[in-house]
Amino acid sequence: MSLRRVGAFSWLIGLDSTPGRFLTGIDRWGHRFLTGEAVRVAKRLQEAAAANEILMGEATHKLVRHAVVVEASSPRAVKHGETFPAIIVLTVIARATGFQRRFDTPFVGRKRQLAMISTLFGDFVSNRTCHLLTVLGEAGVGKSRLVSEVAGNLAREMTVAHGRCLPYGDGITYWPLADIVREIFRAGGGDYGKRSGAAIAEVLAGVDKAKLIAERIAGLLGFGAGDPGTREETFWAVRRLFEVFARERPVVIVVEDLHWADPTFLDLIEHLVDFSDGFPIMIVATARPELLDTRPGWGGGTPNATTIALEPLSEAESRDMVLNLLHRLPLSPAVELLITRAVGGNPLFAEELVAMLVDEELLRRNEDCWVARADLSELPVPSTIIALLAARLEGLPSQERAILTAAAVEGAVFHRSAVDELAGPAPEALEDGLLSLVRRDLIRPEAPSFVGEETYRFRHDMIREAAYRSLPKNARADLHERFASWLEITAKERLREFEEVVGYHLEQAFQYRIALGPREARAASLAARACERLEAAGRRALVRSDLSAAISLLERVSRLLLADDPRRTALLAELSGALIESGRLDDAGRVLEEAGGLAGAAMDRRLAAHVRVQRQFLRLLHGEEGGLEKAAQAAAEVIPVFEDFGDDLGLCRARRLEAWLFFNGARGEAAAAAWERAAAPTRDGLGICTSTTRFSRGSPPRSGLGPPRPPKESVVARRCAPR
């Protein structure tokens, strides 16, 4: 909220409907500036205010109506003939201090859903089948509570493991899988702390192809030297791992926030449901309805898939929940009805609204009842849940707010030492602050991700988002950069596993810095570090044929690099290949057009040759007239260039182009010979291209499928890739 004097006589108050949505900083001339929706509203109020008058916008009034005395006003005229709604502020009522209270309440409602889930659990165990249960609902409606209520009663009968999808999951496709595997291993008595393929193989002793499964899982999760393999091999290894554990006792896999999942992870779940047979595995996913926007057919047409849509609680159930939050002590019927209707059947709304009323002593507890301290006929309910949470967080002591905002930069799950690094309070203050936040039920202890680390989780991601939005952009930039450095040090032994997360935070720091001013040396350094991490994660995604993640990561890197950076040309050539393979031919054409222009401007023969090879594949897929002849000529001309530069990756691609041409020209022997050359040993004895599930060494690609699927590159090929 902003309160400023206008001239010598008028005052104004303005606030955006979502707190924190403004921008402040120093421009290139060294002048401090403030801009955003709050400033736009303030300007309109400034134009409308009369002498010695304090005006307030409607959004601000909704947030603070319990703390001010106001007078209605007709819409005020502003410039250009517009009118602007305004409220006259007469006086401000001193706000009460908060009252700490934690609410642990019984589960309310959802009897039909609980009965349905109980039946599903009984059926999947007796029928020994894999079943997918998706719980859909809006944020805060109680999806996680419903699943927790069910899963909490299964610990002794079944193995229950949890994973959560992250909102910035472009390159961390299998992030939820890491948590799931860890919990399954712990439940099965395995030592996941060793974090190696050998440790996984030890648990799988006696299982057919145990070593291969272990290598694929270790490589996939980034804590082993093993290769994650192709997409098909990855899916097979994950399925076999779950099936092995399901032989002993039923396995329940809970995946939260599936609407943020990468498409490849969604494909993995569908693979498990479609192909796992004879093993009692239940996959329980919670998601917002947005999931159906990206996957309209999710769970449809499959007999072993069920979707439950959670609607808001009924008014009677909401009233029951509010009473539980107030420990079943009576409240005046009028206030009880007011609160019940305000929460709109959303359990999170109810929890936070009641907590705020108690914290601010708008509701006071006597011996046998609750009493409203003031007239609550105009209940101070923010227009959105984020505003509600932000209003509550604003009332916290400054030290607790600092802890929450620093923690919010890391994410829904955060670590004590990271908060210590970012917020920097004295150890005693940090300990007291964390305990207080746990008592307030804003955060909860969580199983550690790192050995010896205290870990916490925000009770709801909306609490985290409200805390994060309260940070100005310059603070966000600084905290993201410092957190990336903390993670690089803390996870140095597991950096491959966290590389995309490090890259994400560096990317965020860079974007906030350039939003505040020109691209200077510090911002350029952030961009370079982010590129290094994100590109490495993107290339690993290419190796495992995770095209959607690879494309997203490489596109992000291309946006971070300056237009004339030579690394950008090589990156665009890689990106075009992934786009071609995924069928996005028009996008690939635009990328190649830009890459070709950059290579020509730099007069770089090697990069130009890479672009030319990809263009031939694209032209062949488009069926351009004379495409075979042009492609043959291009292959003949680029091979000597790659040989001159010792570019094994380029040679691999050129030979694949040759093989494709020969095979489509019905020259099977020549195609086989070209494919042999593409797979031939390099100078240090390793093959340029290793085999794939679809194309084995010595076998030409099948006609009619377009260019061969890019074979997975060997260590040599990756090392020799264009920089």
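The values are calculated or read from the model by the stated rules, or taken from the named source; none is laboratory data. A quick note: this is a predicted structure, and the numbers were derived from the prediction, not measured. Don't worry about glycine lacking a Cβ; one is built from the backbone with ideal geometry, like all the others, and counts go over all protein chains shown. Please note that ligands, DNA and RNA were not included when accessible areas were found on the heavy atoms of the full protein model with its side chains. Shrake-Rupley method; radii C 1.70, N 1.55, O 1.52, S 1.80 Å.
Some points to look at:
- Probing with 1.4 Å while keeping every protein chain in the model, the per residue accessible area of the range 308-457 equals 41 Å².
- In this structure the range 120-179 gives 38 Å² per residue of accessible area when probed at 1.4 Å with all protein chains present.
- Of all accessible heavy-atom area on the range 342-497, the percent that carbon and sulfur account for (1.4 Å): 49
- Over the range 467-598, accessible surface divided per residue gives 37 Å², non-protein components excluded, 1.4 Å probe.
- Mean separation of Cα pairs under 8 Å and 6 or more residues apart, divided by the residue count, gives the range 479-606 a relative contact order of 17 percent.
- Taking every protein chain into account, the 1.4 Å probe leaves M116 with about 70 Å² of accessible area, to the nearest ten.
- For A491, distant residues with modelled amide H under 5 Å away: none
- Applied to the range 480-487, the Karplus parametrisation 6.51 cos²θ - 1.76 cosθ + 1.60 on θ = phi - 60° returns per-residue 3J(HN,Hα) values of 4, 5, 5, 5, 4, 5, 4, 5 Hz, with x for Gly and Pro.
- Accessible area of the range 208-315 belonging to carbon and sulfur atoms, whole % at 1.4 Å probe: 50
- Between E532 and D368, the FRET efficiency from the beta-carbon distance, with R0 = 51 Å, is close to 0.20.
- Annotation: amide H-H contacts under 5 Å for M282 (H modelled 1.01 Å from N, sequence separation of 5 or more, or interchain): H131, V251, V252, I253.
- Relative contact order of the range 290-359, defined on C-alpha pairs under 8 angstrom at six or more residues apart (%): 32
- Taking the convex hull of Cα positions in the range 204-311, its mean projected area over all directions (nm²): 7.8
- Placed amide H near A305: partners under 5 Å, 5+ positions off or other chain: L132
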